[in-house]
Amino acid sequence: MKPLALAVALALSVPAALSAPPVFAAAPAAAKAPASAAWVTRSNELAQILLDAQGPFQPEETGFFGVPGYDDKVFDFGPDNAKRYRAAMAKARDQLKATLATERDPNVRQDLAIMIAAADENIQGSELNEKYLLPWSDTPQTVFSGINLLLSDQVPAERRAKALDRLKAYAGLAPGTTAITTLSRQRYEERLADKSLLQPTKIEVEQSLANVDTYITGIEKLFDKYKIAGADEALKTIATQLREYRDWTKSEVLPKARADARLPEALYAFQLKRVGIDIDPQLLMQRAQLEFMETRSAMRQLAPLVVKAKGLKVSDPTDPVAVIRALKGDKIADDQLEHHYRGVIDAIDPIIRAQKIVDVPQRPMQMRLGSAAESAASPAPHFLPAPLVGNTGQQGTFVLPLGNPAAGDKAAQYDDFNFGSAAWTLSAHEGRPGHELQFTAMVERGVSLARTMFAFNSVNVEGWALYAEAEMVPYEPLDGQLIALQFRLLRAARAMLDPMLNLGLIDRAKAERVLIDEVGLSKAMATQELDRYMVRMPGQAGSYFYGYTRILELRMQTELALGEKFDRLAFNNFLLDQGLLPPDQLAKAVNEVFIPKHR
């Protein structure tokens, strides 16, 4: 339902399209090793080389995932930050390469290869951004997100106390610091004379301007909620600075912002590679078009059954969009929404166990509604992981926003998630057996820092979540099944529209018509989808469909290889045991470990 990267990682050093890769865990392809294994200790010592290089440039993200020493630090917007970042990455990469030349342990060698590849990719992304884009930043969102990642129930109280130090650093009130808004303006203005560089898009600038007061209020509420004392001066200062930054953006940046949101071809190609899509965009679109047609056909067959089961009144029972809009009439009030979702979540676990889909923890999963500021920063349902390093029992949380501020006042409320039929597939995707189960397994398994911090892409994480949705569909009520198919239709639409928009094959108005009239989304949801494809994270939206198809291909191959010996529970557990491995490595693990064992 969302770009997971936006839910957990700040697009700090560069625009969201080319931000540093989100920090997630990945597991080994072979049998897991206990956290106390000698090779894990050795690997973690080497991982510190890359963490020490990367952490100072993106401390909010690094600290969020549990790496100590960064809670009072803020993103480096200082002079030559991109050049210094690449130099730090290159130095760390070369140290790791030198170690790889003499390392003999195969597990440590694999981890070294993961970290070297991550450093190379970070360098490439930074170079491309510097070559093509002016370094304008939505700094108010950066500040809110940095505070929001620290002031959270998932963060221990002793770490939350550092939020005031971080706020003072943002405001330039800490010794040796300069206000982040000043540094951000300087980085933009110092390259403004280079007319070959692209300005930020008009859409992202306008959204940033509209959200500033929401972010300021969100920061103040967080400090009040967690009772962080002594913050009045810093809160007043940062509020003034963010509003001044808004005024400067409105007068100096907005008039120059570009209307065409498409990225240069090299940037878009790199983004596809980074999220894990390793096929030509034209082939991705062709596959998605076929899936779109087949899914829509299945919805037309199911729609009349839903009309009958629910007693709906629609003029054409075979029109799935009309049926979905009728189902949306059963709206759940905002103050009842969390309670309703919790009821569905509680009902899902017994189904997963009874149908032997995958093993699930005995403890309940966490879910809450998003705040106004969170909805502005990430206007779609998302899963917020718990710390992956040094976790002491914290759990991840499924966050459900109530609106999309970017959609405009009249259409700011979603109607895509607040009706009974939608809770099933959304809970399966964000909760169990989807993201929540993925990250719970990673935290509880205990893997090396390299496989926790540096091996990830969206194809891996979103492919599993969409596959998890599909596994649950046969056991849901008919109306829940129809919405599951609707969102599978959306994933196919994403894999078509994202590349079509970015390659200039369709315009935004026509893409919006597909999402509203053919998929059945609300105006608010369609707006956040289109902003995502062209502003927030171009290329990433196709990762759901592509990751899902790769898992389906692998499962079919496994079923053919094992015949009647195929065990779905064992297969799904094995996939989770591998963490967030890329499709090719996952297939290698299945073919070399799972199939021989069960044959």
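The values are calculated or read from the model by the stated rules, or taken from the named source; none is laboratory data. In this text, all values refer to a predicted model and were calculated from it rather than measured experimentally. Because the Cβ atoms are built from the backbone with ideal geometry, glycine has one as well, and the counts that use them run over all protein chains shown. Accessible surface is based on the protein model in full, side chains and every heavy atom, while ligands, DNA and RNA are left aside. Shrake-Rupley method; radii C 1.70, N 1.55, O 1.52, S 1.80 Å.
Residues of the range 298-309 that are in contact with a Pro (Cβ under 7 Å, 6 or more places away or on another chain) and either surrounded by fewer than 19 Cβ atoms within 10 Å (Cβ to Cβ) or at positive phi (or both): Arg300, Pro304. The number of residues in the range 332-347 being open to solvent by 60 Å² or more (accessible area, probe 1.4 Å) and in contact with a Ser or Thr (Cβ under 8 Å, 6 or more places away or on another chain) comes to 0. Against the test of being over 28 Å from the mean Cα position of the chain (by Cα) and within 27 Å of Ile114 (Cα to Cα), the options Pro583, Pro538, Pro596 yield a single qualifying residue, Pro596.
Could you tell me whether Asp224 is out of contact with any Gly (no Cβ under 8 Å at 6 or more places or on another chain), at pLDDT 95 or above, within 22 Å of Thr397 (Cβ to Cβ) and surrounded by fewer than 16 Cβ atoms within 10 Å (Cβ to Cβ)? The answer is yes for Asp224.
Of all residues in the range 180-197, those being in a helix (DSSP H, G or I) and either of a type outside the set (D, E, K, R) or open to solvent by 80 Å² or more (accessible area, probe 1.4 Å) (or both) number 9.
In the range 362-386, the residues that are at negative phi reach residues that are charged (D, E, K, R) and open to solvent by 40 Å² or more (accessible area, probe 1.4 Å) with C-beta atoms within less than 6 angstrom, at least six apart or across chains, in these pairs: Leu369/Glu338. Scanning the range 73-92 for residues that are open to solvent by less than 50 Å² (accessible area, probe 1.4 Å) and over 20 Å from the mean Cα position of the chain (by Cα) yields Val74, Asp76, Phe77, Gly78, Asn81, Ala82, Tyr85, Arg86, Ala88, Met89, Ala90, Ala92.
Tell me whether the range 553-568 contains one or more residues that are of a type in the set (Asp, Glu), modelled with pLDDT under 95 and either part of a helix (DSSP H, G or I) or farther than 25 Å from Gln438 by Cα (or both). No: zero hits. The combined condition, being open to solvent by less than 10 Å² (accessible area, probe 1.4 Å), in contact with a His (Cβ under 7 Å, 6 or more places away or on another chain) and either assigned to a helix (DSSP H, G or I) or at pLDDT below 80 (or both), is fulfilled by Ala423.
Remark: pairs (first residue in the range 237-259, among the aromatic types (Phe, Trp, Tyr); second residue surrounded by 15 or more Cβ atoms within 10 Å (Cβ to Cβ); Cβ separation under 8 Å; 6+ apart in sequence or on different chains) = Tyr245/Thr139; Tyr245/Pro140; Tyr245/Thr181; Tyr245/Ser184; Tyr245/Arg185; Tyr245/Val212; Trp248/Arg185. If you go through the range 571-599 and keep only what is of a type in the set (A, V, I, L, M) and either buried (at least 18 other Cβ atoms within 10 Å of the Cβ) or in contact with a helix residue (DSSP H, G or I) (Cβ under 7 Å, 6 or more places away or on another chain) (or both), you end up with Leu575, Leu576, Leu580, Leu581, Leu586, Ala587, Ala589, Val590, Ile595. Considering (1) in contact with a Leu (Cβ under 6 Å, 6 or more places away or on another chain); (2) open to solvent by 20 Å² or more (accessible area, probe 1.4 Å), the lone condition that Thr295 does not fulfil carries the number (2).
Considering the conditions (1) open to solvent by 10 Å² or more (accessible area, probe 1.4 Å); (2) within 28 Å of Asp120 (Cα to Cα); (3) assigned to a helix (DSSP H, G or I), Ala455 is excluded by exactly one of them, (3). Of the residues Ala239, Ala259, Ala269, Ala231, which single one is under 20 Å from Leu128 (Cβ atoms) and of a type in the set (A, V, I, L, M)? Selected residue: Ala269, the only one of Ala239, Ala259, Ala269, Ala231 that is under 20 Å from Leu128 (Cβ atoms) and of a type in the set (A, V, I, L, M). Glu512 meets each of the listed conditions (1) surrounded by 21 or more Cβ atoms within 10 Å (Cβ to Cβ); (2) under 30 Å from Lys202 (Cα atoms); (3) modelled with pLDDT of 95 or more apart from (1). All of Ala101, Ala169 fail the test of being open to solvent by 60 Å² or more (accessible area, probe 1.4 Å) and not acidic (Asp, Glu), apart from Ala101.
Of the helices (runs of 4 or more DSSP H) lying entirely inside the range 1-111, the ones with 1 or more residues being out of contact with any Cys (no Cβ under 8 Å at 6 or more places or on another chain), farther than 30 Å from Phe398 by Cβ and at pLDDT 90 or above are found at 38-54, 81-102. Annotation: of all residues in the range 310-323 being β-branched (Val, Ile, Thr) and in contact with a helix residue (DSSP H, G or I) (Cβ under 6 Å, 6 or more places away or on another chain), the one that is surrounded by the fewest Cβ atoms within 10 Å (Cβ to Cβ) is Thr318. Of all residues in the range 536-570, exactly one satisfies the criterion of being under 30 Å from Ala257 (Cα atoms) and open to solvent by 20 Å² or more (accessible area, probe 1.4 Å), namely Arg536. Residue count for the range 239-281, restricted to those that are farther than 15 Å from Ala541 by Cα, part of a helix (DSSP H, G or I) and open to solvent by 10 Å² or more (accessible area, probe 1.4 Å): 15.
Condition test on Leu272, is it modelled with pLDDT under 95, more than 28 Å from Val473 (Cβ to Cβ) and touching a strand residue (DSSP E or B) at 6+ places or on another chain (Cβ under 9 Å)? Criteria not met by Leu272. Working only within the range 376-392, note down all residues that are at pLDDT 75 or above, more than 19 Å from Thr62 (Cβ to Cβ) and assigned to a loop (DSSP other than H, G, I, E, B). Pro381, the sole residue that qualifies.
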